[in-house]
Amino acid sequence: MRIGIVCYPTFGGSGVVATELGKALALKGHKVHFITYSQPARLDFFNENLFYHEVYIPSYPLFQYPPYELALASKMVDIVRFEKLDVLHVHYAIPHASAAYMAKQILRTKGINIPIITTLHGTDITLVGKDASFEPVVTFSINQSDGVTAVSESLRQETYEYFQIEKDIEVIPNFINLEKFKRQKKEHFRMAISPNNEKLLVHTSNFRTVKRVQDVIRIFAKVREHIPSKLLLVGDGPERPKMEKLCRQLEICQDVRFLGKMEAVEEVLSIADLFLMPSEKESFGLAALEAMACEVPVISTNAGGIPELNIDGVTGFVSPIGAVDEMVKNALFVLDDANLPVFKENALKRAREFDVDKIVPRYEALYIKTIDAQPVLL
């Protein structure tokens, strides 16, 4: 198949999943064409079946805001026609689904009927999409898609709850490349971070308010009172100054490392003992899955789709949002040397259920079903 993938090219979950999906499809022999405004962050290797097409956004004094959606739709039309694509798969509803609808209507006038698959990832529904400024367009675009998927049952149900959706939404969860995300021998790295064999706690995110990153600091500070430990923070974002201030107030700066944005996050996860995810919203929890693949149990909230991934009492524990003391208690239980090996084993076993080789065929089947269902234009 010749597949067009439209996504945000950033480190966010939707962009990561879209890019990894495209790479996996290319390895299976499909021709995959990425269409976006810059090269996706994880499009980091050469393959003869991978192609990248940049969306050029013209700048005119007349426009206060560059018309990205129009430029994107025009680029989709161009690539579908020139590359003879079989299907367009857009990730994140805003503005990709509406741009795809526009492109499809233009292509129909040229005798081309391109099927559109829209994958919903989370904040495009739970946050941005519910804004009154966008809701009518989001609803229309989803209903006009030929196929719709969501990354968790929680997100699927929330979409039906907040939008008047007439389409069937298929749940296809996020996935993991177990060859990339596996525990590596990094003893020299661990010794440099925890020379006295302190436990290592890790959090990775974009440090936004929704991630409740200050709860990460508070949980660690209380764990540290009971067990010698260190905290590694991977990522960056608007909440970082508040996190640094809180570390100083709690006098724990010497045991907290801000590592910034990292491409090879699996190297950090490979030395970790526990992953913290106290988010107030998560459609799936891809960062937690990456941790589990590296044999790291998870302490999380019960927000959104996280409980569908992190099995309470098995791969870690889930708690109500903001329940810092409960998460501390659970963290101490998992970190106990008598319990930690079992939780590590369970985390990896659970991650294997989301192996890329198990999930990607579900997208392939959806592509084929959607292509076959397209009416022939007269």
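Tabulated values for the structure
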| read-out | value |
| --- | --- |
| The stretch 149-195, residues that are surrounded by 20 or more Cβ atoms within 10 Å (Cβ to Cβ) and of a type in the set (S, T, N, Q) | THR149, SER152, SER154, THR159, ASN174 |
| Residue within the stretch 62-74 that is surrounded by fewer than 18 Cβ atoms within 10 Å (Cβ to Cβ), in a loop (DSSP other than H, G, I, E, B) and among the hydrophobic types (A, V, I, L, M, F, W, C) present | yes |
| Identity of the residue in the stretch 266-288, within 15 Å of ASN174 (Cβ to Cβ) and hydrophobic (A, V, I, L, M, F, W, C), that ends up farthest from the chain's Cα centre (by Cα) | MET277 |
| Criterion violated by ALA264 - all others in (1) assigned by TED's automatic domain parsing to the domain that holds GLY304; (2) under 30 Å from ARG362 (Cβ atoms); (3) in contact with a Phe, Trp or Tyr (Cβ under 8 Å, 6 or more places away or on another chain) satisfied | (3) |
| Condition check for GLU161: in contact (Cβ under 8 Å) with a residue 60 or more places away in the chain and assigned by TED's automatic domain parsing to the domain that holds LEU21 | no |
| Hits in the stretch 275-289 (condition: at pLDDT below 95 and of a type outside the set (A, V, I, L, M)) | GLU280, LYS281, GLU282, SER283, PHE284, GLY285 |
| Residue in the stretch 289-325 that is farthest from the chain's Cα centre (by Cα), counting only those that are over 18 Å from SER229 (Cβ atoms) and charged (D, E, K, R) | ASP312 |
| The stretch 306-348: number of residues that are surrounded by 13 or more Cβ atoms within 10 Å (Cβ to Cβ) and among the charged types (D, E, K, R) | 6 |
| Criterion (in the same structural domain as LYS329 (by TED's automatic domain parsing), under 24 Å from GLU345 (Cβ atoms), of a type in the set (Phe, Trp, Tyr) and out of contact with any Cys (no Cβ under 6 Å at 6 or more places or on another chain)) met by exactly one of PHE258, PHE275 | PHE275 |
| Top-ranked residue of the stretch 1-57 - restricted to ones that are acidic (Asp, Glu) and part of a loop (DSSP other than H, G, I, E, B), ranked as nearest to PHE175 (Cα to Cα) | ASP44 |
| Criterion (touching a residue at least 60 places away in the same chain (Cβ under 8 Å) and assigned by TED's automatic domain parsing to the domain that holds ASP124) met by exactly one of GLU20, GLU54, GLU69 | GLU20 |
| Residues (surrounded by fewer than 18 Cβ atoms within 10 Å (Cβ to Cβ) and either touching a strand residue (DSSP E or B) at 6+ places or on another chain (Cβ under 8 Å) or of a type in the set (A, V, I, L, M, F, W, C) (or both)) located in the stretch 211-240 | ILE227, PRO228, ASP236, GLY237, ARG240 |
| Matching helices (runs of 4 or more DSSP H) fully within the stretch 134-249 where at least 1 residues are within 30 Å of PRO115 (Cβ to Cβ) | 135-144, 153-162 |
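The values are calculated or read from the model by the stated rules, or taken from the named source; none is laboratory data. Predicted model, so just to flag it, every value in this text is computed and none were measured. As a convention, Cβ positions derive from the backbone with ideal geometry for all residues, glycine included, and neighbour counts pool all protein chains shown.
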